Amino acid sequence: MTYSIAIGDRTYSSWSLRGWLLFAKFDIPVDVVTARLYSPEFTDVLKKFGGGRLVPAVRFDAPSGPVIVTDTLAIAETLTERHPDKTMWPQNPAARGFARSITAEMHSGFGALRNDCAMNLHHCYKGFTPSDPVLADVARVEKIWSEARSRWGTSGPWLLVNTPSQMPFTPRSRRGC
Ligand SMILES: N[C@@H](CCC(=O)N[C@@H](CS)C(=O)NCC(=O)O)C(=O)O
């Protein structure tokens, strides 16, 4: 199965980075089509990915015909469904519930942070005074991250782990109850 993904510049477009990261992290081959945001070329590229307005957008061929999936969360769920061997969500149901919840919260929330702190991985902004809503968003991010670390015991680069050997709990069957 061959995937193509249309994205913007990963330095400036966090949505693009997120859509692409899933393929990279889980070693799923994908043809990356990069287009500059807000350029005429961008619209032309998107025409080949269903004609929507936003990136990331993914295209692949299924036995029933071509499939287009847009929106990072929809792409994540599609890849999870098509690659169960990759165990993209944590295997522990409680960790998985937590992971889904914070993913959805990240996807739909943090408006103040997004508006006031656009992503630019080439630049460090000095002298920025965050507003109260931005500070509240940052406090919430810190709470989520520390909860993930303290409940699921990870110290590596990922907030949650997905291999059984790293799960900080004893599966019910092994406890004999
Ligand atoms: N909720 C969408 C958001 C996608 C999004 O906002 N993409 C931006 C990339 S930074 C975009 O395509 N902007 C182009 C535009 O607004 O015309 C997702 O998860 O994929």
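The values are calculated or read from the model by the stated rules, or taken from the named source; none is laboratory data. Everything numeric in this text was worked out from a predicted model, so none of it was measured. Quick reminder, even Gly has a Cβ in these numbers, built from the backbone with ideal geometry, and neighbours come from all protein chains shown.
The set of residues in the range 6-40 that are in a loop (DSSP other than H, G, I, E, B) and more than 12 Å from the ligand (Cβ to nearest atom) comprises Phe26, Asp27, Ile28, Pro29. Summed over the range 85-100, the residues that are surrounded by 15 or more Cβ atoms within 10 Å (Cβ to Cβ), among the aliphatic types (A, V, I, L, M) and not in a loop (DSSP other than H, G, I, E, B) give a count of 2. Within the range 121-142, residues that are closer than 22 Å to Ser13 by Cβ sit with their Cβ atoms under 9 Å from residues that are among the basic types (Lys, Arg), at 6+ positions apart or across chains, in these pairs: Leu121/Arg10; Asp137/Arg114. When Thr43, Thr103 are screened for being in a helix (DSSP H, G or I), within 15 Å of the ligand (Cβ to nearest atom) and loosely packed, with under 13 Cβ neighbours inside 10 Å, only Thr43 passes.
For the range 46-80, the set of residues classified as within 13 Å of the ligand (Cβ to nearest atom) and polar (S, T, N, Q) consists of Thr70, Thr72, Thr78, listed by residue number. Somewhere in the range 8-18, is a residue in the same structural domain as Thr80 (by TED's automatic domain parsing), more than 22 Å from Asn115 (Cβ to Cβ) and of a type in the set (A, V, I, L, M, F, W, C)? No, the range 8-18 contains no residue that is in the same structural domain as Thr80 (by TED's automatic domain parsing), more than 22 Å from Asn115 (Cβ to Cβ) and of a type in the set (A, V, I, L, M, F, W, C).
Looking across the range 53-84, the residues that are part of a helix (DSSP H, G or I) and surrounded by 12 or more Cβ atoms within 10 Å (Cβ to Cβ) come down to Thr72, Leu73, Ala74, Ile75, Ala76, Glu77, Thr78, Leu79, Thr80, Arg82.
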